[in-house]
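First comes the structure, then the notes that go with it.
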2 protein chains.
Amino acid sequence: MSLEHILLGMLHVPASGYDIKSDFSQGTRYFWSAELSQIYPVLQKLETRGWLKSRIEPPTKGPPRRVYDRTAKGRRELIGWLNAGPQMGTERFAYLGQLCFMHELNDMEASSKFMLDLKVRLGEFLAWLRQAESELTRGGTEDLDNLNSEDFHVVLAMRMGIHSLGAKVRWCDESLEQIDNRRQSSKMKDRESTAKRKEVRSG
Amino acid sequence: MSLEHILLGMLHVPASGYDIKSDFSQGTRYFWSAELSQIYPVLQKLETRGWLKSRIEPPTKGPPRRVYDRTAKGRRELIGWLNAGPQMGTERFAYLGQLCFMHELNDMEASSKFMLDLKVRLGEFLAWLRQAESELTRGGTEDLDNLNSEDFHVVLAMRMGIHSLGAKVRWCDESLEQIDNRRQSSKMKDRESTAKRKEVRSG
DNA sequence: ATGACCATGTAATCCGTTACATGATTCG
DNA sequence: CGAATCATGTAACGGATTACATGGTCAT
């Protein structure tokens, strides 16, 4: 599993399950997400495995919190994972499946509408990521030298999303053009065959 | 679930579970994958739901095959899915998690090696996709007009992968540069502090 | 005959989501 | 007092992977 290692990595500093969840929601860790109902049991499992240890924090305010911290064993495990080389997962894009099957509708207008819709959604995600990035770099893009090593790596990671989403938005535009071309030429064919039919009838 | 609809879409023409699996392996349907052990039960479920019907093909050669075909109900279900707008799934990138946590190694050389490794893997996938695309367009990129509607949509879908992977590879290069910059400046700092120490000693 | 490939499935396990259950604190 | 938020969990279900089990055909 990867979530185990993701949690291990996120516990750079001691935190509760709740803290981790809010890290997932807030920009920085955009590359992964998990629900509290998954986080809590995994943290428990990692503790029984000796990668984490927890203590109940006496609540100065609010309800008591169980705060986890990495053990030496957990740290070694994390290092091992980092040194194991990039873990490539299987990507699944339901919307590309939909696009492939669009020909069943036999309606280029529908394909066009679909791509437009997709472009909007991808664009929204891109805007959110750009926002999250500029909050880390405080506008000072290009020179990442004044960032600490942690933020530096996080910004690099975010930029993958920005690059990739940007490319996807451009792909939407290109595809919309292609679809439009095809609509034009099929209209021309319509006119041609209409003309032919007229010829036949009049001939 | 999406796999249900993906299978429904792939059954444009009658096919067995085995056929579908090989479609997943062969370029065209690169956006999704599934194991035979998942495909067979899902096909059975779709049949009990009345979206598919199957018959055993009398084997002219080889073992008997169970061939599935869409019913009218299945076709309606597919159309509904296509008209429901793009289905955006949660993407998870374990390697971006690894990159974020790289600062724990405190070794820019390791970060650099990691990115290089990642670049190679992404590049391999990109080359494979480009190959699959050119097999469909037969080199005739740019003018997709001579493709049938099915292949046209498939090529559009493949191009998303090509655009996005291209952007990711460029991101690797950019990141490698950033990492290098940081290595240079940290070496300079080393030299500076060495110089200072010398000053102190000689002073 | 041996290995590669065709072909179909079941079982166990794991990962992830949704729904459910509980209770304290804080702010208006 | 009521709603929002903090905080921790369990249960049920569904989706995906890995392992297991079986047997036929075909080429060397």
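Has segment A:159-171 got any residue that is modelled with pLDDT under 95 and at the interface with chain B (Cβ under 10 Å from one of its Cβ atoms)?
No, there is no match, as no residue in segment A:159-171 is modelled with pLDDT under 95 and at the interface with chain B (Cβ under 10 Å from one of its Cβ atoms).
Looking at the structure I just gave you, is B:L156 at pLDDT 95 or above and either of a type in the set (V, I, T) or more than 30 Å from A:D143 (Cα to Cα) (or both)?
For B:L156, the condition - at pLDDT 95 or above and either of a type in the set (V, I, T) or more than 30 Å from A:D143 (Cα to Cα) (or both) - is met.
How many residues does segment A:2-26 contain that are within 12 Å of another protein chain (Cβ to nearest Cβ) and farther than 19 Å from A:T71 by Cα?
2
Which helices (runs of 4 or more DSSP H) does segment A:1-102 wholly contain that include 2 or more residues that are within 12 Å of DNA strand D (Cβ to nearest atom)?
Fully inside segment A:1-102 and qualifying: A:17-25, A:36-48, A:94-101.
Taking the options B:F93, B:F31, name whichever one is within 16 Å of DNA strand C (Cβ to nearest atom) and either more than 14 Å from chain A (Cβ to nearest Cβ) or under 21 Å from the mean Cα position of the chain (by Cα) (or both).
Going through B:F93, B:F31 in turn, the sole match is B:F93.
Checking B:H12 against (1) touching a residue at least 60 places away in the same chain (Cβ under 8 Å); (2) within 14 Å of DNA strand C (Cβ to nearest atom), which single condition isn't satisfied?
Only one criterion is unmet by B:H12, namely (2).
Is it true that A:E77 is in contact (Cβ under 8 Å) with a residue 60 or more places away in the chain and within 13 Å of another protein chain (Cβ to nearest Cβ)?
In short, yes.
Whether any residue in segment B:138-150 is of a type in the set (K, R), touching a residue at least 12 places away in the same chain (Cβ under 8 Å) and more than 7 Å from chain A (Cβ to nearest Cβ) is what I want to check.
no
Evaluate segment A:55-69: report whether one residue or more is out of contact with any strand residue (DSSP E or B) (no Cβ under 6 Å at 6 or more places or on another chain) and among the hydroxyl-bearing types (S, T, Y).
yes
Would you mention how many residues in segment B:43-55 are without any contact (Cβ under 8 Å) to a residue 40 or more places away in the chain and more than 8 Å from DNA strand C (Cβ to nearest atom)?
Adding up the residues that qualify gives 6.
Within segment A:142-150, is even one residue in a helix (DSSP H, G or I) and touching a Phe, Trp or Tyr at 6+ places or on another chain (Cβ under 8 Å)?
no
The values are calculated or read from the model by the stated rules, or taken from the named source; none is laboratory data. Remember, it's a predicted structure, so these values are computed and weren't measured experimentally. Virtual Cβ from ideal backbone geometry, glycine too; neighbours counted across all protein chains shown.
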